[in-house]
Ligand SMILES: Cc1cc2nc3c(=O)[nH]c(=O)nc-3n(C[C@H](O)[C@H](O)[C@H](O)COP(=O)(O)OP(=O)(O)OC[C@H]3O[C@@H](n4cnc5c(N)ncnc54)[C@H](O)[C@@H]3O)c2cc1C
Ligand SMILES: Cc1ncc(C[n+]2csc(CCOP(=O)(O)OP(=O)(O)O)c2C)c(N)n1
Ligand SMILES: [Mg+2]
């Protein structure tokens, strides 16, 4: 099953390498990883998407917790949560296709953020599944480039993952 | 007090109570070595290879329970130490390794003797640091000791660029008395509810077994363990790393378990209905095929590291906490006496165990003219009255030492279990002998292993370490040869080791006493003589039967009830 693990770490150099290293060393899956500082400059927030059996996910969270730089973590998929990912996608858009693409972008509530005679660049935000659906909906041959941030996630409700 | 980085390091070590540092100098640590030169409190032991520095510090830590300290230079100094660091990591040994690094401004430029030490060591340390500012130095060293010695112990590397130790730059120094880290809070107490639940299950057990490991030794919990086991009168088996915590001569002891464990220990594991795992990590050498492991048992597991629990084998009652405190609390609950053990069932269980014991699975040919390695270890036990520190290398000799020395005290048996590092024995013994100058320290080794750190004979001379090296010389990488005999139809591919130096002459050329013995009848005399040299290192080359194998043996991937018991025997 797919799990989204949210991690609060000390904002030390090498912290990211420790997490990445753990996954390769122990042969765990890593689908995506995003990391950025938080409002507290001393902390980084990381969202990690992985998959595996319950036993493996249990080991992953234990091993992550064991890293000295990890302050707190939560498996978001254990409760209500929100997930958002941003995608920048460059599409070939020539005469006949232009209208069609624009309609599709509207349906997905995306934005066209760069235009040339022959191309559109689209910005799209949503759960990973929505971005996948957009890619599916576009004719393969029109896709020039896809750049995705990987999901970030947050728990639902008033509580936060803090110190 | 204003100090330079080099002086700060030495002062930190003093303030941490460190008496010995094992190391080797080089460009990046010259400032630190100059600081060492100017004082007497911290004694530096100059090894002959950085791997040995790490093993010696590790051996020191295993014998004393205090953290070992290593100091090496950048680049090759650090990479040479890596095997030793990984060895300590696998067995959860507290060691602090200070490595020199190229100056901060040139880091990343492929400078002379630059390697990414933090990157290279990351997978085999509990934690590591690169010190980027002189102001962080003292606190980082404090954190290193704190992390290495608390929770599940382990090695911590502190990488120190040369400019940080510049004697020209001084800052005010004070050693932090305590550290608190918001991201690191090891568990200090096991949950009482879980402990009570576990005791209830233990009392109702009909065929209970204690399976205990290195965690008991690491937490100095031997006394509590022995008291609990003897109160309950349950059988106990110990891992290779746990030996000595419960006395080897104790009446409830079944011997070691696992791949080369005793018949009675492994059979008891297979038949038990309640397994009490204490500070042990369900290693594959112990469990055999996990699907067949303890098929009928409810499993209780005490461990300080949550990631040890249910890692390889599903646990029913986890207790996360330090062994000593948890065992004490268990003992309290037991002594309150509300629930009584099932005496009748226990009696039957012991009768069954005695039947298994009567197989006498460790028997070997007593009449052989060739010296049997088992006999040599038993002789060592006799001559040292079972009271020596015994370190070992890796191979058959290691297993024979574990099976036949019958350790009665914790921290006496010092070997590389997790990584299985040949070359560990001699340098580890140096660390032990530095810590206990008057104690008898023996290395049980093989002719292949000893050659991996043989250069340390010079270190032993320089520091007058009267170690006794007992070489079980079978002319083979015996353990490799045994596997080739069993599983590769005796094709002994590259496992012969008949070409060795003359160890007697070699030892003499290093300034020590060399001896050789090759007949059973001469063994006792030779061993006794070796131990009469109270202040000399003696290297006793014991020529043993080259064909001897380690029994019992569970073949890889088999269950506990499927063992080879003797030459030519079928699986039982
Ligand atoms: C050639 C060879 C053959 C081998 N054959 C065997 C064999 O037949 N049988 C055998 O047993 N081993 C054997 N080994 C050793 C094996 O590889 C493992 O090293 C060993 O089994 C691990 O021992 P352990 O489970 O006690 O764990 P250790 O590695 O000692 O780990 C200690 C455990 O205790 C925990 N712990 C640490 N401190 C505390 C504390 N304060 N409180 C609570 N818990 C704590 C740790 O988290 C960890 O889980 C062999 C090794 C070699 C090289
Ligand atoms: C550094 C290292 N290299 C290789 C091995 C694999 N290995 C395990 S036991 C062994 C043979 C050891 O031979 P020896 O020291 O003579 O001991 P014996 O088994 O003969 O008692 C080898 C090569 C190892 N454990 N460590
Ligand atoms: Mg040999």
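A short reminder: the numbers here are calculations on the coordinates, not readings from a lab. Because the structure is predicted, anything quoted here is derived from the model rather than measured. Neighbour counts run over all protein chains shown; Cβ positions are idealised from the backbone, glycine included.
May I ask you to derive the FRET efficiency for residue B:387 and residue B:116 from their Cβ-Cβ distance with R0 = 41 Å, giving the value to the nearest 0.05?
Details: r = 45 Å, r/R0 = 1.10.
E between residue B:387 and residue B:116, to the nearest 0.05, is 0.35.
Tell me the angle of helix B:76-90 to the major Cα principal axis of chain B, expressed in degrees between 0 and 90 and rounded to the nearest ten.
For B:76-90 against chain B, the angle is about 30 degrees.
Using only the alpha-carbon atoms, how far is helix B:520-530 inclined from the longest principal axis of chain B? Give it as 0 to 90 degrees, nearest 10.
40
Please report how far the C-alpha centroid of region B:68-117 lies from that of region B:1-57, rounded to the nearest whole angstrom.
Centre-to-centre distance over Cα atoms comes out at 14 Å.
Taking 7 Å along the Cα-to-C-beta vector as the label spot, tell me the residue A:16-residue B:518 distance in nanometres, rounded to one decimal.
Each label point is offset 7 Å from its Cα along the Cβ direction, giving 6.4 nm.
Can you compute the modelled spin-label distance between residue B:34 and residue B:227, with each label point 7 Å from Cα toward Cβ, in nm?
Result: 5.4 nm between the two label points.
How many angstrom lie between the C-alpha centres of region B:414-438 and region B:303-326?
28
Working from Cα positions, state the angle (0 to 90°, nearest 10) between the long axis of helix A:128-137 and the longest principal axis of chain A.
For helix A:128-137, the angle is close to 20 degrees.
With 10 angstrom as the radius, rank B:298, B:272 by how many other C-beta atoms surround their C-beta, starting from the fewest. Intermediate results must be reported in sequence, preceding the final value.
Values: B:298 19, B:272 27.
Ranking B:298, B:272 by Cβ neighbours within 10 Å, fewest first, gives B:298, B:272.
Going by how many other Cβ atoms sit within 10 Å of their own, how do B:124, B:294 line up, fewest first? Numbers along the way, then the final one.
Numbers: B:124 21, B:294 24.
Ranking B:124, B:294 by Cβ neighbours within 10 Å, fewest first, gives B:124, B:294.
Using a 10 Å cut-off around each Cβ, can you sort B:236, B:8, B:120 from fewest to most neighbouring Cβ atoms?
Details: B:236 28, B:8 24, B:120 17.
Lowest count first: B:120, B:8, B:236.
List, largest first, the extents of the alpha carbons of region B:1-50 along their principal axes, each in whole Å.
Over region B:1-50, Cα extents along the principal axes are 35, 23, 15 Å.
Normalised by the number of residues in chain B, what is the relative contact order in percent for Cα pairs under 8 Å and 6+ residues apart?
Values: 1311 pairs, mean separation 79.0, N = 572.
Relative contact order here is 14 percent.
Using Stokes-Einstein with the Kirkwood hydrodynamic radius over Cα pairs, what translational diffusion coefficient do you get for the protein assembly as shown at 20 °C and a viscosity of 1.002 mPa s, in µm²/s rounded to a whole number? Intermediate results must be reported in sequence, preceding the final value.
Details: Rh = 28.5 Å.
It diffuses with D of about 75 µm²/s by this estimate.
What percent do you get for the relative contact order of region B:419-466 when only Cα pairs under 8 Å and 6+ apart count? Each step should come with its number before you reach the end.
Details: 34 pairs, mean separation 23.5, N = 48.
Dividing the mean separation by the residue count of region B:419-466 yields 49 percent.
What is the mean number of Cβ atoms from other protein chains located within 10 Å of the Cβ atom of each residue in peptide A:59-72, rounded to a whole number? The partial results should precede the final answer.
Working: counts 5, 1, 2, 7, 3, 1, 3, 8, 4, 12, 4, 2, 5, 2.
If you average over the peptide's residues, the count of other-chain Cβ atoms is 4.
With an 8 Å cut-off on Cα pairs and a minimum separation of 6 or more residues, tell me the relative contact order of chain A in percent. Provide the component values of the computation, followed by the final result.
Working: 291 pairs, mean separation 45.9, N = 163.
Reported as a whole number, the value is 28 percent.
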